[in-house]
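S.K.: Here you go, one structure.
The values are calculated or read from the model by the stated rules, or taken from the named source; none is laboratory data. Remember, it's a predicted structure, so these values are computed and weren't measured experimentally. Cβ placement follows ideal geometry from the backbone for every residue including glycine, while neighbour counts extend to all protein chains displayed.
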Amino acid sequence: MSKVLICLDPGHGGPDSGAVSKSGLREADVALTLAEKVSAALGKYDGVAVTFTRDRNNSKNYPAPPEGLRKRIAYANASGADAFVSLHCNSGGGKGFESFVAGNCSAFSKKMQAVLNEHILAYLKGYGIGAHGTAAKVDSQSARGRIGVLRDTKMPAVLLECLFIDNPNEEKLLRDGNFLDGLAQSIAAGVASAFGLKKKATPQPVQPQTKPMHRVIVDGKPVIDSAYKDKLLAALAKALDKYQDKVEITRR
Ligand SMILES: [Zn+2]
């Protein structure tokens with residue numbers, strides 16, 4: 001069976017920093033870090049492969065949108081990816097998470113958006129973060145031209161606006177590698193749920209195969225320190241001939 005191919009699109013890059021927080025955190029960098037973590041998290045599932053619209057090596061030379069966007073769309077369409085997931089952070093004064101699909105998108109895009117939102121919001125709840133208004137939005141609810149990646153990609157496509165980079169509390173989280181690991185895992189879990197991917201089997205520690213042994217205590221004194229079940233009854237009968245009051249058998 002061929003693998004499900006996910007095209008991850010870390011927003012911005014090259015001369016396009018995306019939104020920049022007061023302290024200098026760039027959306028393009030957060031998006032790329034998150035994409036790499038999502039890729040690693042998807043690696044824990046069977047039957048899935050990942051491709052990127054940009055990476056660290058080429059992001060410096062990456063043309064700024066709209067050329068960049070056109071190239072990303074062309075790349076995604078040529079890649080034969082089964083789904084396109086664009087990663088961004090929000091800005092402009094607000095808080096929380098939201099996601100977008102194209103207004104005329106397929107039912108599968110809507111399903112993917114719903115399961116991604118479900119997993120991501122469940123994770124963010126642990127940080128007291130919820131949706132920015134309605135979590136599931138369509139492109140007409142965004143003024144941003146970058147939503148074009150949703151309209152012109154041929155495969156199911158969702159764009160995630162992961163928190164507000166200009167919100168001090170959320171910016172702190174976007175700088176936190178552990179937080180991003182968890183966020184990436186929730187995104188991977190959403191993708192896995194949409195495509196029915198299963199986690200790779202993890203090797204179980206081998207349990208030593210030993211037969212249970214027993215200790216026999218008669219009148220408070222151990223008379224048999226350890227015996228297998230088949231020898232236990234004979235040993236116990238012998239002990240019962242000598243002692244009368246209290247016989248205990250414990251597994252050891
Ligand atoms: Zn963005």
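S.K.: Scan the stretch 6-22 for residues that are in contact with a helix residue (DSSP H, G or I) (Cβ under 7 Å, 6 or more places away or on another chain) and either away from the ligand (no atom under 12 Å from the Cβ) or within 19 Å of residue 76 (Cα to Cα) (or both) and jot them down.
M.R.: 6, 7, 8, 9, 10, 11, 12, 13, 14, 21, listed by residue number.
S.K.: Which one of 199, 211 is in contact (Cβ under 8 Å) with a residue 40 or more places away in the chain and loosely packed, with under 15 Cβ neighbours inside 10 Å?
M.R.: That would be 199, the only listed residue that is in contact (Cβ under 8 Å) with a residue 40 or more places away in the chain and loosely packed, with under 15 Cβ neighbours inside 10 Å.
S.K.: Let me ask something else about it. Check the stretch 13-30 and report whether any residue there is assigned by TED's automatic domain parsing to the domain that holds residue 179, under 23 Å from the mean Cα position of the chain (by Cα) and without any contact (Cβ under 8 Å) to a residue 24 or more places away in the chain.
M.R.: So far as the stretch 13-30 goes, yes, one or more of its residues are assigned by TED's automatic domain parsing to the domain that holds residue 179, under 23 Å from the mean Cα position of the chain (by Cα) and without any contact (Cβ under 8 Å) to a residue 24 or more places away in the chain.
S.K.: OK, next. Starting from the stretch 223-252, take each residue that is modelled with pLDDT of 75 or more and list its partners that are of a type in the set (Phe, Trp, Tyr), counting only C-beta distances under 9 angstrom and pairs at least six apart or across chains.
M.R.: From residues that are modelled with pLDDT of 75 or more, the pairs are 223/243.
S.K.: I would also like to ask the following. Quick one: would you say residue 159 is surrounded by 10 or more Cβ atoms within 10 Å (Cβ to Cβ) and assigned by TED's automatic domain parsing to the domain that holds residue 100?
M.R.: On the way: surrounded by 10 or more Cβ atoms within 10 Å (Cβ to Cβ): yes; assigned by TED's automatic domain parsing to the domain that holds residue 100: yes.
Spelling it out, residue 159 is indeed surrounded by 10 or more Cβ atoms within 10 Å (Cβ to Cβ) and assigned by TED's automatic domain parsing to the domain that holds residue 100.
S.K.: Condition test on residue 219, is it acidic (Asp, Glu) and surrounded by 12 or more Cβ atoms within 10 Å (Cβ to Cβ)?
M.R.: Yes.
S.K.: Shifting gears a bit: Which of the residues that make up the stretch 92-105 are within 13 Å of the ligand (Cβ to nearest atom) and surrounded by fewer than 18 Cβ atoms within 10 Å (Cβ to Cβ)?
M.R.: Result: 92, single match.
S.K.: Let me ask something else. Do we have residue 41 as within 19 Å of residue 88 (Cβ to Cβ), among the small types (Gly, Ala, Ser) and within 13 Å of the ligand (Cβ to nearest atom) here? Spell out how you get there, then give the answer.
M.R.: Numbers: within 19 Å of residue 88 (Cβ to Cβ): yes; among the small types (Gly, Ala, Ser): yes; within 13 Å of the ligand (Cβ to nearest atom): no.
Spelling it out, it is not the case that residue 41 is within 19 Å of residue 88 (Cβ to Cβ), among the small types (Gly, Ala, Ser) and within 13 Å of the ligand (Cβ to nearest atom).
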